[in-house]
Amino acid sequence: MKLIKKAQAGSFESSDILILASPVEEGEGRDIQIESGVFMQYGETIEKLIHQVLDQFEVNDVQLQIHDKGAIEPVILARMETVMQRALEMQKGTMY
Amino acid sequence: MRTFNFLAMNKNKIGREIPKNIEGIGELEPYSGAWKKLKKGWMDELTSPPPNKAKMPHADKVCDTLEEAIEKSNPKDGMTVSFHHHMRNGENILVRSIDILAKMGIKNITLASSSLNESHNPIIKYLEDGTITRIWTSGIRGKLGQAISSGVMDLPITIHSHGGRVRAIHTGKISIDLAIIAASAADEEGNATGSTGKSAFGSLGYAHIDSQYAKQVMVVTDDLVDYPCYPLSIKQIYVDFVVKVDSIGDSSKIASGTTRITKSPMDLRIAKLGADVIENSGFFNEGFSFQVGAGGASLAVAKFIREKMKRKNIKGSFLLGGVTSYGVDMLNEGLFKTIFDVQSFDAAVSTSLYNNKNHIEISAGHYASPFNCGCVTNKLDIVVLGALEIDLDFNVNVITGANGEVRGASGGHSDTASGAQLTVVVCPSFRGRISTINKRVQTVVTPGETVDVLVTERGICVNPMKPELEESLKKAGLNIKKIEDLQQEVEKIVGKAKEVKYSDKIVGLVEYRDGTIVDVIRQVIEE
């Protein structure tokens with residue numbers, strides 16, 4: 001699927017994750033930047049989870065800016081799902 | 001850079017590998033148990049004599065500048081310079097003094113500050129250029145900690161407890177050539193205090209021992225008062241030089257307001273459980289003595305204990321330690337008879353220390369040194385402490401962060417844990433996805449045999465060495481779990497973390513209060 005617009009989900013709070021998704025040209029692939037206080041411990045698992053949700057939504061071309069403040073996996077999944085639904089206009093939210 | 005080849009290692013009582021000997025530091029004695037060395041009744045090491053000094057009547061000690069005083073002290077390569085950390089992040093005398101010594105070309109300095117914090121980041125350059133080659137401290141934070149963890153120094157730093165530092169000075173392991181003691185008020189003879197003046201910071205407890213043992217002692221103040229200056233925290237009989245400066249630091253960071261109890265629902269929940277544990281421990285009785293840490297859940301326990309004391313009409317004997325305005329409020333309400341103050345945490349405490357005869361300044365040795373006829377921590381009934389991590393053996397880490405870097409302080413943690421009848425560790429079960437309960441802590445500061453109970457929002461774990469305590473807490477209906485089960489429970493939530501990678505190079509030694517080595521800190525390998 002192709003992203004329709006920029007979207008964000010999550011917050012800068014401790015134990016949360018802030019995800020900004022932006023559409024890119026078709027064929028550009030997934031550009032994922034992750035900043036995390038627990039990157040050393042969980043960087044790989046965070047990345048895996050992000051790809052998993054992108055696969056679920058069949059999104060191949062996207063730019064993601066991710067600021068993680070130690071979110072556990074269910075939180076990462078929830079924020080990722082929300083940001084995708086917003087960017088794909090599957091959900092009408094207040095934050096764009 | 002020298003490379004280290006440790007030929008031989010010893011395993012200490014808690015299974016940590018301790019090198020037998022480190023070139024440039026000497027032989028290391030492995031930790032053998034919290035009270036093993038005390039049971040003897042004396043210390044095997046000899047105490048080093050304090051220096052002999054004399055002054056002619058009416059001789060002048062006052063110097064106009066810090067530069068002049070430091071020059072007069074005739075600094076030499078290889079010297080040991082000591083400082084105290086009573087001004088916390090507002091302190092600026094340490095960095096200024098090292099700047100002066102560096103400009104004079106002094107090399108190979110041993111820095112012996114009672115602790116180091118983020119205001120001391122500017123000294124990193126002196127670790128790189130060989131001005132400072134050895135460090136003794138209770139704690140390190142910020143970029144300085146990261147630099148040390150990345151291996152900027154050849155010799156490992158030594159982390160001591162507040163009580164352990166006094167022991168190390170008594171035995172001459174820390175042999176201070178020049179003690180530079182900042183004070184918020186002093187007179188021309190060097191009588192000095194931290195409890196009055198524009199930069200008042202409260203107790204000067206950590207600096208007493210420096211003044212008595214340093215070969216030369218310099219009092220630095222921004223408030224030179226008419227003779228005599230009192231209360232006599234530092235006494236003129238020990239002081240060689242008195243320096244008047246414009247400012248000993250940033251008073252907004254030294255003496256800022258009052259300490260507030262946390263509003264974090266998680267911390268308050270943990271604190272409430274901690275207070276419930278204390279209430280049902282058998283130690284919450286008339287005349288009990290009490291110490292809490294100054295931050296987060298630990299301080300919040302005091303709020304709930306205060307309520308319980310009022311409800312049950314229980315009065316305590318003394319409050320100990322790092323003192324906050326919250327403790328002062330409890331003193332003023334008559335809930336405790338006395339405060340013994342080795343370190344003050346906010347402005348209101350300095351005022352109380354100055355005005356209230358029941359609020360008493362004590363030295364670090366009186367507070368926590370293991371080798372005297374009984375420090376005050378030995379009289380402590382209940383202590384509430386924090387933790388960065390705790391392991392299945394109840395060993396506590398308060399010195400290295402999740403990424404392996406030095407970012408904490410030993411402080412009075414192991415001293416109070418060893419002395420108190422009931423040692424309660426309060427902490428959330430995880431912080432920002434980092435579990436606080438691990439199979440093995442990265443660095444042990446306080447050995448598990450001195451820790452009785454862990455309180456988290458997810459459950460309470462009692463050290464198996466204290467079955468009666470577990471029984472009475474269970475009877476009170478508290479949620480008691482095995483620490484192994486809690487560790488698994490938390491790991492399921494946060495996931496298994498990738499472990500920190502360390503090299504063989506030892507960047508820090510963690511001394512137990514009796515001078516044995518409880519653990520080592522290794523260089524972190526950045527990926």
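The values are calculated or read from the model by the stated rules, or taken from the named source; none is laboratory data. What you see is a predicted model; the values in this text were computed from it and never measured. Here Cβ is always computed from backbone atoms with ideal geometry, including for glycine, and neighbour counts include all displayed protein chains. We work out accessible area using only protein heavy atoms, side chains counted, and drop any ligands, DNA or RNA first. Shrake-Rupley method; radii C 1.70, N 1.55, O 1.52, S 1.80 Å.
Of the candidates B:Ala54, B:Ala59, the single residue that is open to solvent by 70 Å² or more (accessible area, probe 1.4 Å), without any contact (Cβ under 8 Å) to a residue 12 or more places away in the chain and either hydrophobic (A, V, I, L, M, F, W, C) or out of contact with any Leu (no Cβ under 9 Å at 6 or more places or on another chain) (or both) is B:Ala54. B:Val490 fulfils the conditions (1) open to solvent by less than 30 Å² (accessible area, probe 1.4 Å); (2) assigned to a loop (DSSP other than H, G, I, E, B); (3) within 14 Å of chain A (Cβ to nearest Cβ) except for a single criterion, (2). Being over 23 Å from the mean Cα position of the chain (by Cα), of a type in the set (A, V, I, L, M, F, W, C) and either more than 14 Å from chain A (Cβ to nearest Cβ) or closer than 21 Å to B:Gly296 by Cα (or both) is a property that holds for B:Cys461.
Here's the yes/no breakdown for (1) loosely packed, with under 15 Cβ neighbours inside 10 Å; (2) touching a Cys at 6+ places or on another chain (Cβ under 9 Å); (3) touching a residue at least 40 places away in the same chain (Cβ under 8 Å):
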residue: B:Asp246; (1), (2), (3): yes, no, no
residue: B:Thr262; (1), (2), (3): no, no, no
residue: B:Met266; (1), (2), (3): no, no, yes
residue: B:Glu286; (1), (2), (3): yes, no, no
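Here is a yes/no grid of residues against (1) within 13 Å of the chain's Cα centre (by Cα); (2) surrounded by fewer than 16 Cβ atoms within 10 Å (Cβ to Cβ); (3) hydroxyl-bearing (Ser, Thr, Tyr):
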| position | (1), (2), (3) |
| --- | --- |
| A:Pro23 | yes, no, no |
| A:Gly29 | no, yes, no |
| A:Glu35 | yes, yes, no |
| A:Leu54 | yes, no, no |
| A:Met84 | yes, no, no |
| A:Glu89 | no, yes, no |
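Set side by side, the residues B:Ile22, B:Ile18 differ, and just one is surrounded by 13 or more Cβ atoms within 10 Å (Cβ to Cβ) and more than 30 Å from B:Ile180 (Cβ to Cβ), which is B:Ile18.
For the range B:493-520, enumerate the residues that are within 23 Å of B:Ser414 (Cβ to Cβ), open to solvent by less than 10 Å² (accessible area, probe 1.4 Å) and within 14 Å of chain A (Cβ to nearest Cβ). Within the range B:493-520, none qualify. All of (1) touching a Leu at 6+ places or on another chain (Cβ under 8 Å); (2) surrounded by 21 or more Cβ atoms within 10 Å (Cβ to Cβ) hold for B:Ser363 with one exception: (1).
The strands (runs of 3 or more DSSP E) falling completely within chain A that include 1 or more residues that are out of contact with any Phe, Trp or Tyr (no Cβ under 6 Å at 6 or more places or on another chain) and within 14 Å of chain B (Cβ to nearest Cβ) map to A:17-22, A:30-36, A:62-68. Of the strands (runs of 3 or more DSSP E) that lie entirely inside the range B:75-147, those containing 2 or more residues that are open to solvent by 10 Å² or more (accessible area, probe 1.4 Å) span B:132-137. Hey, among the residues in the range B:213-233 that are touching a residue at least 40 places away in the same chain (Cβ under 8 Å) and under 15 Å from B:Thr80 (Cα atoms), which one's most open to solvent (accessible area, probe 1.4 Å)? Only one residue fits best here, namely B:Lys215. Residues in the range B:62-74 that are β-branched (Val, Ile, Thr) and crowded, with 16+ Cβ neighbours inside 10 Å were compared, and the one that is farthest from B:His170 (Cα to Cα) is B:Val62.
For the range B:405-445, enumerate the residues that are of a type outside the set (Ser, Thr, Tyr), assigned to a strand (DSSP E or B) and within 14 Å of chain A (Cβ to nearest Cβ). Within the range B:405-445, B:Phe430, B:Arg431, B:Ile434, B:Asn438 qualify. Taken together, the residues in the range A:37-52 that are within 22 Å of B:Ser435 (Cβ to Cβ) and open to solvent by 10 Å² or more (accessible area, probe 1.4 Å) amount to 9. When B:Gln421 is tested against the conditions (1) crowded, with 24+ Cβ neighbours inside 10 Å; (2) touching a strand residue (DSSP E or B) at 6+ places or on another chain (Cβ under 8 Å), the lone failure is (1). The set of residues in the range B:191-212 being part of a helix (DSSP H, G or I) and over 13 Å from B:Ser114 (Cβ atoms) consists of B:Gln212 alone. The residue list B:Asn403, B:Asn479 contains one member that is over 19 Å from B:Ala300 (Cβ atoms) and polar (S, T, N, Q), which is B:Asn403. Between residues in the range B:342-363 that are at pLDDT 95 or above and residues that are part of a strand (DSSP E or B) and among the polar types (S, T, N, Q), which pairs lie under 7 Å by C-beta distance while being six or more apart or on different chains? Pairs that qualify, where the first residue is at pLDDT 95 or above and the partner is part of a strand (DSSP E or B) and among the polar types (S, T, N, Q), are B:Leu353/B:Ser344; B:Asn358/B:Thr338; B:Ile360/B:Thr338.
Checked against (1) open to solvent by less than 40 Å² (accessible area, probe 1.4 Å); (2) in contact with a His (Cβ under 7 Å, 6 or more places away or on another chain), B:Thr47 passes all but a single condition, namely (1). If you go through the range A:56-73 and keep only what is over 13 Å from the mean Cα position of the chain (by Cα) and open to solvent by 10 Å² or more (accessible area, probe 1.4 Å), you end up with A:Glu58, A:Lys69, A:Ile72.
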